[in-house]
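The values are calculated or read from the model by the stated rules, or taken from the named source; none is laboratory data. Everything numeric here is computed off the predicted structure, so don't read it as measured data. Virtual Cβ from ideal backbone geometry, glycine too; neighbours counted across all protein chains shown. Heads up: the accessible areas ignore ligands, DNA and RNA and are worked out on the full protein's heavy atoms, side chains in. Shrake-Rupley method; radii C 1.70, N 1.55, O 1.52, S 1.80 Å.
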Number of protein chains: 2
Amino acid sequence: MSRSKQFTSEMELIEWLKKHASSNSRGLLVGIGDDAALLKPHPGHHWAITADLTVEGIHFSQRLHPADAVGHRALARSLSDIAAMGGVPRYAVVSLVLTRQTDRDWIELFHEGMRRLADRFGVSIVGGDTAFGSRDAMADVTVLGEVERGRALLRSGARPGDSIFVAGKLGASALGFHVLQSGGRAVDPEGRRAVESHLYPEPQGALGRYLASRKLASAAIDLSDGLSSDLHRLAKASKVGACVYEESLPIAACGLDASENKTFLRSLALHGGEDYKLLFTVHAARVKLIPPRFRGLNIYKIGEIRDHRTGVKIVRGGKLFSLKPEGYDHLRQR
Amino acid sequence: MSRSKQFTSEMELIEWLKKHASSNSRGLLVGIGDDAALLKPHPGHHWAITADLTVEGIHFSQRLHPADAVGHRALARSLSDIAAMGGVPRYAVVSLVLTRQTDRDWIELFHEGMRRLADRFGVSIVGGDTAFGSRDAMADVTVLGEVERGRALLRSGARPGDSIFVAGKLGASALGFHVLQSGGRAVDPEGRRAVESHLYPEPQGALGRYLASRKLASAAIDLSDGLSSDLHRLAKASKVGACVYEESLPIAACGLDASENKTFLRSLALHGGEDYKLLFTVHAARVKLIPPRFRGLNIYKIGEIRDHRTGVKIVRGGKLFSLKPEGYDHLRQR
């Protein structure tokens, strides 16, 4: 089947998007193609809404990230936020800005990466916008999720004495990015796993639902900018302090000798971004209800919530040190 | 009061945004500062959701558009879509990509322009994302609006015999842009009015509500890319043809001698973008219920819906000509 290498009009692109839109449609009254999409709310539920940017030169580069990974990551960021609210993601609105050089193959591959993930999570892409001609490509994905009334996992519910948990190893995405930058894919299977974590992060939606529907967590946040920064955010929202045990941190080491690269790997685990793991707190009376494994992921207790006067600390060799928010910050990078 | 010229961390910027967030909060359970905003739906209503991009070099330039106009326009685009659905805009999610050169003054002014419009329309800015370091600045605004069950104005409801209406004059924004490009503001009051229409377009939210709540319109679309393109979209969605009378078109002429510049002004009225006026169709039995004026705007009957075999036509001197969709198209511009 022949097809042109370029979309020649916005109408053609929108028709293509409409034809390839996800088909999950419970509650979707009008999808792509009108002035706005029309949605029917689900009785007894609230909406969680979040938006996340994915910008060329900041969140991805044409050289290191295949288009389907850019599409996957652009949606994964918002799905992870909905997971951290304990919600079920339902609808996505996708705005895409492309350069004059972007060809049709890139757009189709981007869309395929995004749609594969959307389909797995039962999310319909119901609208958005497109623009052509900027110098950097970018995507902005808004996701609307449902959560049962009163069950949302907020950042603000942690109390002194709560335990702090994380699901899965920390720093894997930053390590994968390091592997990609220093030469790419021809590494051992473990190194490839780190690259995979970076390119195709898996939002922990099922875990978020599990924690919210059983009221197991007092607070939750997803790790998008690094443990140190995101723990500070949770502590600030809850008006508490926190204490993390360095020896309890599950540090990703895929492809690198953990004993030789200890400082480097620990720094990625503490400050590396884009892990999209859930960090959550649990009241003492419920700690025993947290399973050690959930759908193939180990769940680790890494610390506890303290009074706000403690600040955010890390315990290393029996001593308390300040844990500064040194994760990713766009404004500090400039 | 002294303050730094730059935001030094994302946390500082987010705190600033939180402090300056709009305060309309009916139904808003959690606003800026958690993983997602949390909203309570309004019984008996559906949601309309839309997103619109505003990109430097495509939709605005630093030279011609003051920051508050960029903020106003970025939100106005989505408010106009909600107006064309007959909805009440409620929540906005704003993603902002800035260059390394963008200073704090620009961000504050952008935000002020957006917030002034949001406040007037009762819209709460409940979340979003920020990124710094692209080569072009841009904003993506997603708006969520409510519309009573069964009352949404779709593009698809027009039927042969319906009359076509537009509220306000056509081509004013394109004319204002022309005035700005050819030297700016030091023109007569009428020219300044055209510039004003371009920089601070007024979404026709009250008219959309009026038409939807009284079930007056069979279909509606907002004119964002020019009458010719948007009429084609409405006709296609409704599977009908349309006929527009050139002599009935309300052509904006502010600042230019209408008789001397007839062809130029007519071309702006037919194909000029960003007017954000509502184009709507009305069944013959309801035409008499359409007022000639609504809140200071003249309402003009400009044509009628025909069978789809007619295509989209314009009547000029008693003869039918094809009206091609020659409005703004990002892909054709490249």
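The single condition among (1) over 16 Å from the mean Cα position of the chain (by Cα); (2) on the phi > 0 side of the Ramachandran plot that A:Gly226 does not meet is (1). Residues of region A:112-134 that are open to solvent by 20 Å² or more (accessible area, probe 1.4 Å), more than 7 Å from chain B (Cβ to nearest Cβ) and either farther than 20 Å from A:Arg26 by Cβ or in a helix (DSSP H, G or I) (or both): A:Glu112, A:Arg115, A:Arg116, A:Asp119, A:Arg120.
Hey, can you tell me all the residues within region A:96-111 that are within 10 Å of chain B (Cβ to nearest Cβ) and open to solvent by less than 10 Å² (accessible area, probe 1.4 Å)? Once the filter is applied, which keeps residues that are within 10 Å of chain B (Cβ to nearest Cβ) and open to solvent by less than 10 Å² (accessible area, probe 1.4 Å), region A:96-111 yields A:Val97, A:Leu98. For A:Leu297, indicate whether it is modelled with pLDDT under 95, closer than 24 Å to A:Leu79 by Cα and away from chain B (no Cβ under 14 Å). In short, yes. Region A:224-334 holds strands (runs of 3 or more DSSP E) entirely within its bounds, and those carrying 1 or more residues that are surrounded by 16 or more Cβ atoms within 10 Å (Cβ to Cβ) map to A:241-245, A:278-282, A:297-306, A:312-316.
What is the residue count in region A:156-181 for residues that are open to solvent by 30 Å² or more (accessible area, probe 1.4 Å) and modelled with pLDDT of 95 or more? Total meeting the criteria: 3. When we screen A:Ser267, A:Ser238 for residues that are over 18 Å from A:Gly327 (Cα atoms) and not basic (Lys, Arg), the only hit is A:Ser238.
Scanning region B:94-112 for residues that are of a type in the set (D, E, K, R) and within 18 Å of A:Leu53 (Cα to Cα) yields one hit, B:Arg100. For region B:191-215, the set of residues classified as assigned to a loop (DSSP other than H, G, I, E, B) and of a type in the set (A, V, I, L, M, F, W, C) is empty. Taken over region A:254-274, the criterion of being over 20 Å from A:Pro203 (Cα atoms) and either among the basic types (Lys, Arg) or in contact with a Leu (Cβ under 7 Å, 6 or more places away or on another chain) (or both) is satisfied by A:Leu256, A:Ala258, A:Lys262, A:Leu265, A:Arg266.
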